[in-house]
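Read the structure below first, then the notes.
The values are calculated or read from the model by the stated rules, or taken from the named source; none is laboratory data. Every value quoted in this text rests on a predicted model; they were computed, and no experiment measured them. No Cβ is skipped: glycine too gets one built from the backbone with ideal geometry, and neighbour counts run over all protein chains shown.
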């Protein structure tokens, strides 16, 4: 067993942080540790530690755990997401005082699981990391003070999750039985055509089903809008973004198996097309913002498939980049939702009326987020979508690309209604709590919006990172330094 | 020509940067003066464009890598086709600020922000030589325009703005697919490079359709025109001015810049269809305009007709036709812009857009705008329209004969409105105040241009001629070379069928 401790610094740092949270959550009922005072700094430090480790590489634990560009890219994204989620949750009104340390501990464990997932290159390891990430999620979702809806959402998530993971495990056994290995690197050289290996293809489909559940891809999406709606706004921000990064990284790694033209690739493409169409059409009818975002994330899961089925390093890079864009855009929108609902209620579209007057910075940031989700330039959403379709064109799935662009046209309506309510409607006087308009809310929203716009205008550095990460998966050596734009 | 600084980048970036400055201002009056100053500085910044050399090359070119690995470039330049549009856009900005001086009474800061943002985006569209950069500006322009209609528009603004947004965005999504296809097939996003390439007819066929849909909606051509009257009627007068003067031109500019040079064979193939649609637009727009009692609607439908002349001129593929189309673009911008400003001025007094409530304004309104609109000799409308006519008759007698009624209709509805509004019996106008100095200024400037272009169009010809010649030469060389016997529709159907058969 080879073990290189320097390559694990980001994970170890994170583990220490989570252990500290665990200690704090273990105290007696009277001990109310000041978690929210130090955790944002810790999360920020974890983010920077991960950034400094961007070039680490190595494989360890009998090669089941591989630190490479792809894993580091996603670890940076995940720790960034955790940082924002922690900041966002630190003003959560619907969390009971005594449960704060536990709440953050669970979020932390889930994130740690996702970080491990980013580096797992063997199916059983992937499964274990996935479980670590999932179990804490099951406990976090119902934590919304005295809310029946949250409990319902929690139950739904557990039931769906249990079935999906059971299927994944079942599929794993098929793959192992027919291909005699669980290492992705070895699986890559096996045949995945249905004619040669029917059992393996069925197994892989089931295993992917487990990932699709995390990603909320049609038809594994049914939990998604309900859970978003039931969970508190801050928890929904976590559920909407972070587990999807885990799913995307695994799919990116498995995408090397998916050569264009294989049955399984076509299934993926069809599911992607159905997912984006179904998600967008359902979102048109929503009035609850979190449900709307839930269906929108079903659509976005479909978009990501476009990059994965292209079977090129560029496609995988584009999917990874889009995953990052998705995380930042959604965190931005959820940040605003959480701040506008300063008493923790669920927001309807009408609650956004007149936001431009009540909280101009939030309204402007919401505009940036909504237009990024549509994929309008100059936002990172546009760049992500553009990279996706360029990488996928002429690789046998042109119809999928056309479906994607047509779907953007459908999607515009409901994202525009976010914008429309915030900017063009006047608010009626109401009893509801006013939006949080303080410096904390504005600064967070403003910085995320700036990131969305800035990366949209200068996507080159991050995109190169993603492309190089995609290349490493195909075993293409990447030289550091240079690269220019 | 080198001015030691990037002329086009500054032109595009300055309004945007200046717009951010608006957030630090408070008093509405200060906001107006500030924006006015910004728009005048923008005009000054355009002075180096006078160094435009009279040839067909792209000039003031700037080229920087944007995303190297993906072949994206920040690539700007103007030629004879785009420079007039750039100048028109810049010239319209101060007029818009002036005509909304008292018209806009709420959220002035945001309004002027939208105006400046809009100007940046539109300039970007006309200057971009990289397909993706073009698309970025093309889409970025939607948001401020949407806001202009949705916030400061009339009573039905919600409907009109949504329709505008959905229509134009839906049209341009396929444009993005076409752009990507060009990259994958041609290997580059750079428009000048792509202009040198010969694509297969089948590729051109689909690329043309995808692009033409986006541009036809923007123009708007006949079956896709329904968003325009709604948007025009509801938009505030500055919004209508920008919409009429600049935005519609983006569609026809797209045809000239993309469809003809990039997909010549397909353009040739589809020309009969485009000509037919253009003729329908001319006749339909004119006929509907004749029946309107709402002045803004009337001008909106007349725009459909006038833009029909432009697309007709483009798809005639002869020198006179394309020159006429370019002139008509410029003139329609000036004339219709001016008409909307006048309507705005009238509306501020009568608070009605009905013709019957605005009669007898001859004292105030310079009537010859209407004359220019239907192409009275001596005004600029005449130059453009006569060129399209010459081109049409050159092409075929039938096309020429078919558009004559279009011109007659234009005369009819313009006479009707000017007769009633300028020389009718005053309904409520007798008590109104006269035009003030500001209104005189913003109405005189276009009037000067109307007469100048109408009486002495030579300098404008000198600017556009080399580029038009090059465009048509390229087109003639390549339209035949690439035509193949295959039928793209049938090929695609066969492909789809064989794919299905394979599955079963």
* Given (1) over 17 Å from residue A:323 (Cα atoms); (2) more than 8 Å from chain B (Cβ to nearest Cβ), number of the condition residue A:469 does not satisfy -> (1)
* Read through the list (1) part of a loop (DSSP other than H, G, I, E, B); (2) in contact (Cβ under 8 Å) with a residue 12 or more places away in the chain; (3) over 23 Å from the mean Cα position of the chain (by Cα); (4) within 14 Å of chain B (Cβ to nearest Cβ), then give the number of the only condition that residue A:343 fails. => (4)
* To do: Identify the residue in the range B:44-88 that is within 14 Å of chain A (Cβ to nearest Cβ) and either touching a helix residue (DSSP H, G or I) at 6+ places or on another chain (Cβ under 6 Å) or not in a strand (DSSP E or B) (or both) and, among all such residues, is nearest to residue B:129 (Cα to Cα).
  => B:72
* Asked: Any chance the range B:207-218 includes a residue that's more than 12 Å from every other protein chain (Cβ to nearest Cβ) and farther than 30 Å from residue A:395 by Cα?
  -> yes
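What are the residues in the range B:163-206 that are outside any helix (DSSP H, G or I) and at the interface with another protein chain (Cβ under 10 Å from one of its Cβ atoms), if any?
Passing the criteria: only B:189.
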* Asked: Can you spot a residue in the range A:426-433 that is in a helix (DSSP H, G or I), over 20 Å from the mean Cα position of the chain (by Cα) and within 14 Å of another protein chain (Cβ to nearest Cβ)?
  -> no
* Structure fact -> Of the conditions (1) closer than 18 Å to residue A:221 by Cβ; (2) assigned to a helix (DSSP H, G or I); (3) more than 20 Å from the chain's Cα centre (by Cα), the single one that residue A:286 does not satisfy is (2)
* If a residue has to be within 16 Å of the chain's Cα centre (by Cα) and under 21 Å from residue B:195 (Cα atoms) to count, how many in the range B:102-134 make the cut? -> 6
* Asked: When you scan the range A:354-369, how many residues do you find that are within 22 Å of the chain's Cα centre (by Cα) and facing chain B (nearest Cβ under 10 Å)?
  -> 1
* Asked: Based on what the data block shows, is residue B:102 closer than 30 Å to residue B:346 by Cβ, away from every other protein chain (no Cβ under 11 Å) and at pLDDT 90 or above?
  -> no
* Might you let me know whether the range A:53-68 holds any residue that is outside any loop (DSSP other than H, G, I, E, B), in contact (Cβ under 8 Å) with a residue 60 or more places away in the chain and under 30 Å from residue A:332 (Cβ atoms)? => yes
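Name the residue, out of A:321, A:238, that is buried (at least 24 other Cβ atoms within 10 Å of the Cβ) and either touching a strand residue (DSSP E or B) at 6+ places or on another chain (Cβ under 9 Å) or within 23 Å of residue A:147 (Cα to Cα) (or both).
A:238
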* To do: Filter the range A:376-411 down to residues that are more than 9 Å from chain B (Cβ to nearest Cβ), touching a helix residue (DSSP H, G or I) at 6+ places or on another chain (Cβ under 7 Å) and outside any helix (DSSP H, G or I) and give me whichever is nearest to residue A:314 (Cα to Cα).
  => A:397
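Residues being part of a helix (DSSP H, G or I) and more than 11 Å from every other protein chain (Cβ to nearest Cβ): count how many of those fall in the range B:149-162.
Number satisfying all stated conditions: 2.
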* Structure fact -> Sole miss for residue A:37 among (1) in contact (Cβ under 8 Å) with a residue 60 or more places away in the chain; (2) over 28 Å from residue A:472 (Cα atoms); (3) in a helix (DSSP H, G or I) is condition (1)
